[in-house]
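Only the coordinates and a few stated rules stand behind these numbers; no lab work does. Keep in mind that what you see is a predicted model, and the values were worked out from it rather than measured.
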């Protein structure tokens, strides 16, 4: 009786596990579409990608600003330590008083000239200046081409953001389907436990009626005890898969959510999905290939940019300044002299030691490298497409075989259970039938899971999402070519 009580204690623990999962505070059930909508607004990689678009947008504006006049204000002060000395090749009359100013007379000028060997000191001790300068490019082929490259930087950032979204969608789908598989496994092991509990009760009744041996009772007790860890492990898998789903969605891990669907919801559309996916072999919308295409255009423009370095440039310049030169700091008596000019500057590249030629060759080598990379990437992506299609086809065949096996296993278990009740079958036969049924149930769920995972990977490779019917990127909406 002590052994029997211990088994019921174990069974009670397992029943508590089942009840804890079933009677937990009602979570918010979400569909796959709702999970994707939440992730599009909360996922960290999506937010970073959107910030990168904003950053490149500001960089483009900065490049376009080069077309407008650049206006700067300036102010400066200089204190002369040693004045410049000017010499004349004719006689100044002995006294060179040209340097007279505040605080200096002819005697001082003559003394200065004598000190400097007949030279004349030029300038004053304090020099003040203030004004504005402006410049504007008129003809600059390199600048114009750089504007085109900056536009492509923004385009590349938008495509990179789309790539982040595609990757996020794939991650959310896989996490969502993993939750569905974990819940299916939990239901299977829960059913195994319940069957083991019923079989134990039946065996106990037969044992008390002297229709079953103690060995059969002990084996029934062992089977029940062995079913309990599977329930705990399945429950843990459900919890972990939900955490993973919350993580990729970008929501708090304590958020009380649950998946609203089952893998069986996707079983009916498997055949149609496989037929439709067979036509999706184009890499036209693949994000990696689109990014490489943009980079190829950028490198082509970079080659032209380097070639345009040999073209003369023409720029317009304007300056307006006020200057004052004094020997004291009596600001109110300063005489400010204006100085201004406007002009054009023509710059003609002649020789730079082969620098420009080397830059052109470097850009051409980079373009050649990118072409090799594009060819290899396309080859790998086509392999991935074929692999995913093969996995979908294999999963479809496995699903059909598993369904047939499940029907047979369920029928065999029902027959064996009835036979065991009347004593025509042994507990070993019943356990074997239960094992076959469990394997068949898990195989059906696994086949559906393998199919939807391969389909999700295929959709990510093809890149049908976030593209409108005209082929333009729409980051706020998803479009499916199915």
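Observations on the structure shown:
- Crossing angle, helix 44-64 versus the chain [Cα axis fit, 0-90 degrees, rounded to tens]: 20
- Cα gyration tensor, the range 172-234 - rounded (a/c under 1.5), prolate or oblate: prolate
- The orientation-averaged projection of the convex hull spanning the C-alpha atoms of the range 390-482 amounts to 8.0 square nanometres.
- Volume per residue of the C-alpha convex hull in the range 165-312, rounded to whole Å³: 198
- Rounded Å value of the spacing that divides the Cα centres of the range 252-317 and the range 151-204: 25
- Computed from the Kirkwood radius of its Cα pairs, the Stokes-Einstein diffusion coefficient for the range 332-459 at 10 °C and 1.306 mPa s stands at 71 µm²/s.
- Seen against the Cα atoms of the chain and their longest principal axis, helix 355-422 is set at about 20 degrees.
- Note on the chain: helix-only mean residue ellipticity at 222 nm, from DSSP H runs of 4+ residues weighted -39500 (n - 2.57) and normalised by residue number, equals -22500 deg cm²/dmol.
- To the nearest ten degrees, helix 427-462 and the longest principal axis of the Cα atoms of the chain are 20 degrees apart.
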